[in-house]
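The values are calculated or read from the model by the stated rules, or taken from the named source; none is laboratory data. Every value quoted in this text rests on a predicted model; they were computed, and no experiment measured them. Note that we place each Cβ from the backbone using ideal geometry, even for glycine, and neighbour counts take in every protein chain shown.
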Amino acid sequence: MTTDDRPTGTPAGLGPVSETALWTLYHRAVEARRPDTLLPDPMAVRLVETLDYPFEERFGAPSSAAVRFQSQLQAQRVRCFDREVADFLLRHPRGAVVCLGEGLETQFWRVDNGRAQWLTVDLPGSVALRERLLPPGPRQRLIACSVTDDRWMREVDASQGVLITAQGLLMYLRPGEVREVIAGCAAHFPGGGLVMDAVPRWFSRLATEGRLRVGSYQAPPMPWGMDASEQQRLRTAHPGIAEVRDVLPPPGRGLLGALLPYAARLPVLRAKRPSVVHLAFAEPGRTAIG
């Protein structure tokens, strides 16, 4: 989709990939409005109510079964990231959380401990929108650059520990760029970690062929996909990657939601599912073994 194809109300400066921030925001808000929500997120609800954007026309009515199901899946994925960040902050209360391609994610307001440092790295249009809608506080900083530009790495104070998140981002990069981002993080932040997600190869292929469409919304191409069975190959990106750990989602509502964490263990399904992965980087002066 070109810029001219975007619906009326699309914030200026957002291209097709950056517009996915509105898609994920909408699904978080739909889930957060439920009385039995898996993801309390009043900030997401407020943003959807504030933005002049045709969310329902673009992404579907919140009452539809497809939107409700997708919103629950989004919530389960988001909670994987929230859990990893919260665990990091328990061990490193004054640590740095670096959010790559954060868009309009509202994780800060869900898991902040009042002491951590937060750094958002995103494209200029996305940073401008975030700065307007979610003005940064004294412990929040925004850097307007591509995540493939390693200058953001020099802006991180890792002295109290660092955790990098890449949520809903890497699938939009080329495979070589994904490898470079992972290697750069491992090289610059020994002792730190990276939490990232990946879509399976079959999903990446459908998106790249333009076959992922919901209502009037066409998902942008996703050049990079990784089957869950390939997770350990991420170690080859850099010798400093000490551990690759699968992060399983929490149970959800209904039969499918409740079974999702267990489906990840079934041989038939586990290789072809979306996944969230935590990469731990070796401590300074050490390289990974194995």
message: I'm trying to understand the selection: among the residues of the range 164-210, which are free of Cβ contacts under 8 Å to residues at least 24 places away in the same chain and among the basic types (Lys, Arg)?
response: Arg205
statement: Given the conditions (1) without any contact (Cβ under 8 Å) to a residue 40 or more places away in the chain; (2) in contact with a helix residue (DSSP H, G or I) (Cβ under 9 Å, 6 or more places away or on another chain), every one holds for Pro35 apart from (2)
field: Residues that are at pLDDT below 70 and more than 30 Å from Arg34 (Cβ to Cβ), drawn from the range 238-284
entry: Pro267, Val268
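Being in a helix (DSSP H, G or I), touching a Ser or Thr at 6+ places or on another chain (Cβ under 9 Å) and either surrounded by 19 or more Cβ atoms within 10 Å (Cβ to Cβ) or modelled with pLDDT under 95 (or both): is that true of Phe81 here? So that I can check it myself, show each step before the final result.
Values: in a helix (DSSP H, G or I): yes; touching a Ser or Thr at 6+ places or on another chain (Cβ under 9 Å): yes; either surrounded by 19 or more Cβ atoms within 10 Å (Cβ to Cβ) or modelled with pLDDT under 95 (or both): yes.
Yes, satisfied.
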- request: For the range 82-100, name all the residues that are within 21 Å of Pro42 (Cα to Cα) and in contact with an Asp or Glu (Cβ under 8 Å, 6 or more places away or on another chain).
  value: Cys99
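Could you tell me whether any residue of the range 212-220 is of a type in the set (Phe, Trp, Tyr) and either within 30 Å of Leu90 (Cβ to Cβ) or not in a helix (DSSP H, G or I) (or both)?
So in the range 212-220, the residues of a type in the set (Phe, Trp, Tyr) come out as 217.
Applying the additional criterion that residues be either within 30 Å of Leu90 (Cβ to Cβ) or not in a helix (DSSP H, G or I) (or both) yields 217.
Yes; the residues of the range 212-220 include at least one that is of a type in the set (Phe, Trp, Tyr) and either within 30 Å of Leu90 (Cβ to Cβ) or not in a helix (DSSP H, G or I) (or both).
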Members of the range 230-247 found to be closer than 13 Å to Ala187 by Cα and assigned to a strand (DSSP E or B), listed by number: Ile241, Ala242
field: Qualifying residue in the range 10-28 (condition: closer than 22 Å to Arg139 by Cα, aliphatic (A, V, I, L, M) and either surrounded by 15 or more Cβ atoms within 10 Å (Cβ to Cβ) or at pLDDT 95 or above (or both))
entry: no
query: List pairs: first in the range 56-78 and over 25 Å from Gln107 (Cβ atoms), second in a helix (DSSP H, G or I) and modelled with pLDDT of 90 or more, Cβ under 7 Å, 6+ apart or cross-chain?
result: Ala61/Val67
statement: Selection from the range 105-155 of residues touching an Asp or Glu at 6+ places or on another chain (Cβ under 7 Å), charged (D, E, K, R) and outside any helix (DSSP H, G or I) yields Asp122
message: List pairs: first residue in the range 225-237 and farther than 16 Å from Val199 by Cβ, second residue surrounded by fewer than 20 Cβ atoms within 10 Å (Cβ to Cβ) and basic (Lys, Arg) anywhere in the structure, Cβ distance under 8 angstrom, at least six positions apart or on different chains.
response: Ala237/Arg179
statement: Taking the range 180-236 and keeping residues surrounded by 16 or more Cβ atoms within 10 Å (Cβ to Cβ) and on the phi > 0 side of the Ramachandran plot leaves Gly191
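Could you check how many residues of the range 84-99 are surrounded by 16 or more Cβ atoms within 10 Å (Cβ to Cβ) and either in a helix (DSSP H, G or I) or basic (Lys, Arg) (or both)? Show your work before the answer.
Looking only at the range 84-99, we keep the residues that are surrounded by 16 or more Cβ atoms within 10 Å (Cβ to Cβ), and these are 84-85, 88-89, 92, 95-99.
Then keep just the ones that are either in a helix (DSSP H, G or I) or basic (Lys, Arg) (or both); that gives 84-85, 88-89.
So the answer is 4.
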query: Taking Glu102, is it closer than 21 Å to Ala280 by Cα, in a loop (DSSP other than H, G, I, E, B) and in contact (Cβ under 8 Å) with a residue 24 or more places away in the chain?
result: yes
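How many of the residues making up the range 130-174 are basic (Lys, Arg) and surrounded by 15 or more Cβ atoms within 10 Å (Cβ to Cβ)?
The initial filter retains those residues of the range 130-174 that are basic (Lys, Arg), namely 130, 132, 139, 141, 151, 154, 174.
Retained after the next criterion (residues that are surrounded by 15 or more Cβ atoms within 10 Å (Cβ to Cβ)): 130, 139, 141.
Residues meeting the conditions: 3.
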task: Give the number of residues within the range 176-211 that are part of a helix (DSSP H, G or I) and not charged (D, E, K, R).
output: 16
- request: Kindly indicate whether Ala61 is surrounded by fewer than 16 Cβ atoms within 10 Å (Cβ to Cβ), assigned to a helix (DSSP H, G or I) and among the small types (Gly, Ala, Ser).
  value: no
- line: Given (1) over 25 Å from Asp197 (Cα atoms); (2) without any contact (Cβ under 8 Å) to a residue 60 or more places away in the chain; (3) part of a helix (DSSP H, G or I), Val48 misses just (1)
